[in-house]
Amino acid sequence: MMHIFVYGTLKQGQPNHYRMLDAMNGKAEFLGRALTIDKYPLVIAGEYNIPFLLNLPGEGQRVQGEIYRVNDKMLKFLDWFEDCPKMYQRTEVLLEVEDWVGDEERKPKDSSTTKAFIYSTTTYKPEWLQNATFSSYDSNGDHGLQYVTRESRNID
Ligand code: PCA
């Protein structure tokens with residue numbers, strides 16, 4: 001079991017969230033919401049408007065997301081789904097917990113700070129650095145860059 005921080009299409013209300021609820025993929029338990037301690041550029045890029053957190057701490061904005069406790073099966077599924085380590089790499093990130101709904105015993109103790117794994121990337125295109133950055137991803141936000149689901153992409 002390990003903790004994963006999701007900031008993009010896997011969040012509640014976003015187009016891939018259902019994949020974390022599908023028991024066929026494994027188990028994911030929602031633990032709470034959090035904000036990255038460091039700033040990162042969260043951009044929307046490519047022809048499918050995919051959200052990417054660029055692994056460039058100190059640039060961009062602090063990013064909001066959700067922490068889940070996942071079992072090995074879900075972790076394997078997510079690594080596959082996120083094309084890790086090619087498209088995203090799974091790295092550790094430091095978080096400030098905003099609200100915790102998980103067990104009291106798992107709640108970060110000394111402070112409200114905790115660590116979790118995140119799908120971020122260093123394998124991005126340099127031009128993505130010119131894109132707008134977001135603090136909180138929403139596929140249907142004002143940016144108009146709605147995520148193109150896998151099902152609706154043209155055959156590759
Ligand atoms: N899925 C992962 C990384 C970006 C995305 O769309 C997430 O939601 O955290």
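The values are calculated or read from the model by the stated rules, or taken from the named source; none is laboratory data. Just so you know, these numbers come straight off a predicted model, no measurement behind them. Neighbour counts are summed over all protein chains in view; Cβ atoms, including those assigned to glycine, are modelled from backbone coordinates with ideal geometry.
The table that follows gives values for the structure above.
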| item | result |
| --- | --- |
| Subset of the stretch 99-156 (residues that are within 12 Å of the ligand (Cβ to nearest atom), of a type in the set (D, E, K, R) and not in a loop (DSSP other than H, G, I, E, B)) | Arg150 |
| Selection status of Leu10, modelled with pLDDT of 95 or more, at negative phi and surrounded by fewer than 19 Cβ atoms within 10 Å (Cβ to Cβ) | no |
| Residue in the stretch 21-33 that is farther than 21 Å from Lys73 by Cβ and buried (at least 16 other Cβ atoms within 10 Å of the Cβ) present | yes |
| Condition met for Glu96 (surrounded by 19 or more Cβ atoms within 10 Å (Cβ to Cβ) and acidic (Asp, Glu)) | no |
| Subset of the stretch 14-30 [closer than 14 Å to Tyr68 by Cα and within 11 Å of the ligand (Cβ to nearest atom)] | His17, Arg19, Met20 |
| Tally of residues being in contact with a Lys or Arg (Cβ under 9 Å, 6 or more places away or on another chain), outside any strand (DSSP E or B) and closer than 16 Å to Met1 by Cα across the stretch 67-95 | 7 |
| Given (1) among the aromatic types (Phe, Trp, Tyr); (2) touching a residue at least 24 places away in the same chain (Cβ under 8 Å); (3) under 23 Å from Thr123 (Cβ atoms); (4) surrounded by fewer than 22 Cβ atoms within 10 Å (Cβ to Cβ), index of the condition Phe5 fails | (4) |
| The listed residue being over 23 Å from Gln12 (Cβ atoms) and either under 15 Å from the mean Cα position of the chain (by Cα) or at pLDDT below 95 (or both), out of Ile155, Ile44, Ile118, Ile67 | Ile155 |
| Every residue from the stretch 31-74 that is polar (S, T, N, Q), within 13 Å of the ligand (Cβ to nearest atom) and touching a Ser or Thr at 6+ places or on another chain (Cβ under 6 Å) | Asn55, Gln64 |
| Conditions (1) touching an Asp or Glu at 6+ places or on another chain (Cβ under 8 Å); (2) away from the ligand (no atom under 14 Å from the Cβ): number failed by Lys11 | (2) |
| Candidates Ser112, Ser139, Ser152, filtered to the one that is touching a Phe, Trp or Tyr at 6+ places or on another chain (Cβ under 6 Å) and polar (S, T, N, Q) | Ser139 |
| Qualifying residue in the stretch 121-130 (condition: within 17 Å of the chain's Cα centre (by Cα) and under 14 Å from Val6 (Cα atoms)) | yes |
